[in-house]
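Okay, so here's the structure we're looking at.
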Amino acid sequence: MNTFTNIISTAIDAGAVIVYAGMGELLLERTGVLNLGLEGIIAIAAASAVIAAQWATTPFQALAIAILVGAAMGVLFMLVTVVFRANQVLSGLALFLVGVGMAGHLGGSVTGNPSPVTFEAVPIPLLSEIPHIGPMFFEHDPLVYFGYVALPIIVWFVLNRTRHGVNLRAIGEEPSAGDATGVSVMGIRAFYTVLGGALAGVGGATLSLAFTPGWTPNVVAGRGWIALAVVIFAMWRPWRLVVGATLFGALISVSFIAQDRGWDIPGQVLNMLPYLITLALIVLAVVRNRGTRATVAPAALAVPFFREER
Amino acid sequence: MPADTDSLPPFVTIEGLTKTFDQLVALDSVSMDLAPGEVHALLGENGAGKTTLTNVLAGIYRADSGVVTIGGETVHFRTPADAIHGGVGMVHQHFQLVPTMTVSENLFMGWEQAPRVFSTADLNERSAEIIEEFHLPVDPSARIFELSVGEQQRVEIVRTLARGAKLLILDEPTAVLTHEETEELFTVLRRLADGGRTIIFISHKLKEVLEIADRITVLRAGKYMATIPAQDATVDSLAQLMTGSDVSLDDIEDIGPAEVGEQVLEVRDLHALSSRGLPALRGVDLTVRSGEIVGIAGVSGNGQTELAEIIVGIREGTSGSVRVTASGTTEPPIPGQDGVGHIPEDRMEHALVGEASTTRNAVTRRYLSDDLSSRRWLRWGAIREYAKQVIEDGRVQVREVNAPVAQLSGGNQQRLVATREAKVGDDFLLAVHPTRGLDVQATVEVRQTLQRRRRGGTGVLLISDDLDEVLAMSDRIVVMYDGEILGRSDRANYDRDQIGLLMGGHREAANT
C-alpha cells in the first residue's frame, strides 16, 4: 500500500465516528433539538463497549451494549429537554461533563488494554482486488460500510421521500404549524433524541472496537464536538455530512501517518490540524451560505415547544 | 339564543361556553349557533373573546364549561388533530405554514392520509389535484416564502378543505391582504358557503363584515351581545354593539387646517432595491413639513416598505438623498434618532423585544436619557413611572407589566408601540400601517394620537394601504405605484376615484 491509499483508507476508518454521531445529531437537529453532549455519549459508549468486550464472544455483543448505553443517555437528555423543556445548551454541556466523567471512572479497570474482541476488516470480493481503489474503499470493517453507504441512504430517504420526513422537518422549522396540523411534536423529538444517543453510541464503538481498539481516557479527543461542527458544515444534509466526516478523517489520518513515518513536522501542529481546519471550514461554510434561506439551520433549533404560547 | 333565520336545524350549537385564563374571564357563558352553509361573522374589539372562542372550537384550548355540538353530536376536542377529525378547520391569523418547505409539503404535513412514501413529483401531482378540486390556484412546487401573503392563505384554506373541514374558521383573514386579494377571498368564501360549508369569519372591519356575512354575532368583553342578520345591520349599529359607546371612525375626520412650519423630511430622487434585488424605488421625491400629515396611499408592495426603512436608517438606497431634520439627526439617517418616532410595519420585528417585559419595551427608545438613567445606571423608579405613563396614555391593557410583551394581544402591542413612538417623535413621526389589525376603539385612539402630534407641530408621514384612513387623516396625499409617485393631491381637492385609479397604476388619471 502506498502512502496515498493508506491515508484515504485510514481517513475513512477515522471518520466513521463522525458519520454515526453526526448523522444522529443531524436528524435530531432537523426536529429542532440541539444535543451538545455528543462527546460525553461517545466517551461513555466507547468505555462501555470495551468493558462489554471483556466477556463478549463477538464484537456485535459489545456494540449492542454501546448502543444501549448511548440510547440511555439519549433518554436522559430527552427527559430533561423534551419533557421538562429545560435549556438545551446547558443540558447538553451537563451531559458532556457527566458522560466524560463517568467514562473515565467506568473505564478505569480496562484502561490501556487492547479490546479482546474487535471489528476486523472484511474485504469485499473482487472489488477489493482493484489496484489502489480496492485497499482504499473496499477493505473496511462492517460498521464503516454501513455508516458510509446504508446510513446516509436511509437518512436521505426518510427526510426527503416519506411522510414522516416531512413531519420531522416541519417541527424543526415551525413546531406550532406541525402541531396545528396534527404532528406529534413531542413524540418525534423524543424519538430522535433517543435515536441520536444510540447512534452516538455506535460512534463510540467504532472508536474503541475498530479504529483504536481498547479504552484510554483521551480516546474520543473532541470528536463529539467535531461531529457537531461537521453537521453545520454539512448544512444539515446527510451526503454533505459523509463528505465532511471523510475530510476530517483525512486530517487525522495525515497526522497519524506523518508521525508514523517521521515527517519533519512538529507533532503539536499535526495534532492541532484537524481542529483548526474544521474551524476554518465552518467559517467558510457559514460565510458562503449567508443570506441563502434554504441552507440555514432549522428555524426552531434549540427552542423548546409550548402549545399555549402566543 | 338568537332565532335561526333558516328553517334548517343549526349545524353547530354552542351553549354556555366559559373559558378563563388565571384571573381573566375570556369567555363568559357564550351561547350561539351556526346554520349550515352560512358565512357567520364574529365581531368584537381586541380581547372580546373571538379568538378564544374559535380556539376552543379548533381544539387549541379546552373550555372550562359549556357544550358544543356539531351536526347534532356533542364534541370534546382535546387537540387540533381531534378537531380536524371532527370536521373543523382553522386558518390562523399567523399562518401555520413552514416557510422553507414547499406548498405540497405543507399540504401533506401531519396528514395521515398522505402516502407514507413518495417522490417529489408524486407529491406535487397529488397536490395539484387537490388544488384543482378547490379552484384555489397556487404552484405546488413553490416554497412558502416565495409566495405572496394571499397565496399563503390559499394554501392554508386548501389544506383545511382537503381534510374534510365542514366548519371553516378564518381568524382575521383580511388583516394582511390587499384590496384585490380580499375580493378574491370573498368570492372563494361565498362559493364554499354555497357548497354547504359553514364559515366563521373573524374581523374588525365593519364594512367587510357587512359585505361578506349572512349573519353577524357580536362579542364584548367575553360576553355574547347579539346575532343580527347582515341586511339588518349598519356600520354604526355594529360599532355601538362592539364598543358599548357611540365611538365612530368619523369622529376625527374634521382635522382643521394645518399650521405648517419648517421642513422635517426631504427625500430627493431616491432609488433603491428590494431585498430580492429588484428595483423598489425609482426616483421618489417627497417632503414633510412640521405640523402636517402627509399620507402615502398605495397597495402594499409598491415600495412603501423600502421607503420607510430608508427614512429611519435601517436600509440603504442606491442613489438620491434622505434628510430628516430633527433635534438629533444626521444624514444619512441612523436608527433611533432623537426627535424621530417610528411606528413600523412589523412590530415584533422592528419595535418590540418579545421576551422582554412590557415595562422594558415601553422605555426602549428613552432609557439612556437623563431622566431615566444617570451615568448609564438605570433609574428603575423613574423607568417604571415612565412606562406606567405610556401604558396609561395608550390605554394598553396589561395584566402584568413584568410579563413578556409577547403575551399581550396584537392590538395592545400596537397601542404600546404607537404611544411610545409618538412620545419620542417630537419633530418627525413615521407611521406605517399604524392601525392594521386594530379594532375600532384602538384605531380611533391611535389616530387621535397622530392628530395630537400634528397639532403639536410634529411632521407626520403616514403610510397605509387603507385608503379611507389616508383620506381621513392626511393634509396632503401622494400615491405610490411600482416605486414611483404617480400623483399628489391636497386635502381640498381629494378625489377618491382618481386616487383609486392611480393606486391601480392608471398613470393617465394623474392628468385629469
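Observations on the structure shown:
- If you go through the range B:112-131 and keep only what is more than 7 Å from chain A (Cβ to nearest Cβ) and either in contact with a Leu (Cβ under 6 Å, 6 or more places away or on another chain) or open to solvent by 30 Å² or more (accessible area, probe 1.4 Å) (or both), you end up with B:Glu112, B:Gln113, B:Thr120, B:Ala121, B:Asp122, B:Asn124, B:Glu125, B:Arg126, B:Ser127, B:Ala128, B:Glu129.
- Filtered by the rule that a residue be within 14 Å of chain A (Cβ to nearest Cβ), touching a Phe, Trp or Tyr at 6+ places or on another chain (Cβ under 9 Å) and either at pLDDT below 90 or open to solvent by 10 Å² or more (accessible area, probe 1.4 Å) (or both), the range B:141-170 gives B:Gln152, B:Arg159, B:Ala162, B:Arg163.
- For first residues located in the range B:342-367 and within 28 Å of B:Val299 (Cα to Cα) and without any contact (Cβ under 8 Å) to a residue 60 or more places away in the chain, partners that are outside any helix (DSSP H, G or I) and open to solvent by less than 60 Å² (accessible area, probe 1.4 Å) and lie 6+ apart or on another chain with Cβ distances below 7 Å form the pairs B:His350/B:Pro344.
- Breaking point among (1) open to solvent by 60 Å² or more (accessible area, probe 1.4 Å); (2) free of Cβ contacts under 8 Å to residues at least 12 places away in the same chain, for B:Ala382: (1)
- Cβ-Cβ under 6 Å pairs, at least 6 apart or on other chains, the range B:475-503 side at positive phi, far side among the small types (Gly, Ala, Ser) and open to solvent by less than 70 Å² (accessible area, probe 1.4 Å): B:Gly483/B:Ala280; B:Gly483/B:Gly303
- Meets criteria (touching a Gly at 6+ places or on another chain (Cβ under 6 Å) and open to solvent by 50 Å² or more (accessible area, probe 1.4 Å)) for B:Ser29: yes
- Residue check, A:Ala94 outside any helix (DSSP H, G or I), farther than 22 Å from A:Ile171 by Cα and touching a residue at least 40 places away in the same chain (Cβ under 8 Å): no
Results for (1) in contact (Cβ under 8 Å) with a residue 60 or more places away in the chain; (2) within 14 Å of another protein chain (Cβ to nearest Cβ), shown as yes or no for each residue.
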{"position": "A:Gly74", "(1), (2)": "yes, no"}
{"position": "A:Gly112", "(1), (2)": "yes, no"}
{"position": "A:Phe119", "(1), (2)": "yes, no"}
{"position": "A:Ile124", "(1), (2)": "no, no"}
{"position": "A:Ile133", "(1), (2)": "no, no"}
{"position": "A:Glu139", "(1), (2)": "yes, no"}
{"position": "A:Pro142", "(1), (2)": "no, no"}
{"position": "A:Tyr145", "(1), (2)": "no, no"}
{"position": "A:Asn160", "(1), (2)": "no, yes"}
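- Of the residues making up the range B:367-379, those that are more than 34 Å from the chain's Cα centre (by Cα) and open to solvent by 90 Å² or more (accessible area, probe 1.4 Å) are B:Asp370, B:Arg375, B:Arg376, B:Trp377, B:Arg379.
- Residue match in the range B:325-338 (condition: hydroxyl-bearing (Ser, Thr, Tyr) and surrounded by fewer than 15 Cβ atoms within 10 Å (Cβ to Cβ)): yes
- Among the residues of the range A:172-187, the ones that are at the interface with another protein chain (Cβ under 7 Å from one of its Cβ atoms), touching a residue at least 60 places away in the same chain (Cβ under 8 Å) and not acidic (Asp, Glu) come to 1 in all.
- Of residues in the range A:282-310 being at pLDDT below 80 and either open to solvent by less than 50 Å² (accessible area, probe 1.4 Å) or closer than 18 Å to A:Ala227 by Cα (or both), the one farthest from the other protein chains (Cβ to nearest Cβ): A:Ile282
- For the range B:187-209, the set of residues classified as under 20 Å from B:Ala233 (Cα atoms) and open to solvent by 10 Å² or more (accessible area, probe 1.4 Å) consists of B:Arg190, B:His204, B:Lys205, B:Leu206, B:Lys207, B:Glu208, listed by residue number.
- Residue match in the range A:205-221 (condition: open to solvent by 40 Å² or more (accessible area, probe 1.4 Å), at pLDDT 95 or above, more than 10 Å from chain B (Cβ to nearest Cβ) and not in a loop (DSSP other than H, G, I, E, B)): no
- The one condition from (1) outside any helix (DSSP H, G or I); (2) acidic (Asp, Glu); (3) open to solvent by less than 10 Å² (accessible area, probe 1.4 Å) that B:Glu421 does not meet is (1).
- Listed by position, the strands (runs of 3 or more DSSP E) inside the range B:135-248 whose residues that are within 22 Å of the chain's Cα centre (by Cα) number at least 1 are B:167-171, B:198-203, B:215-220.
The values are calculated or read from the model by the stated rules, or taken from the named source; none is laboratory data. As the structure is a prediction and not an experimental result, all values here were calculated from the model. Cβ atoms come from the backbone with ideal geometry, glycine included; neighbour counts cover every protein chain shown. Please note that ligands, DNA and RNA were not included when accessible areas were found on the heavy atoms of the full protein model with its side chains. Shrake-Rupley method; radii C 1.70, N 1.55, O 1.52, S 1.80 Å.
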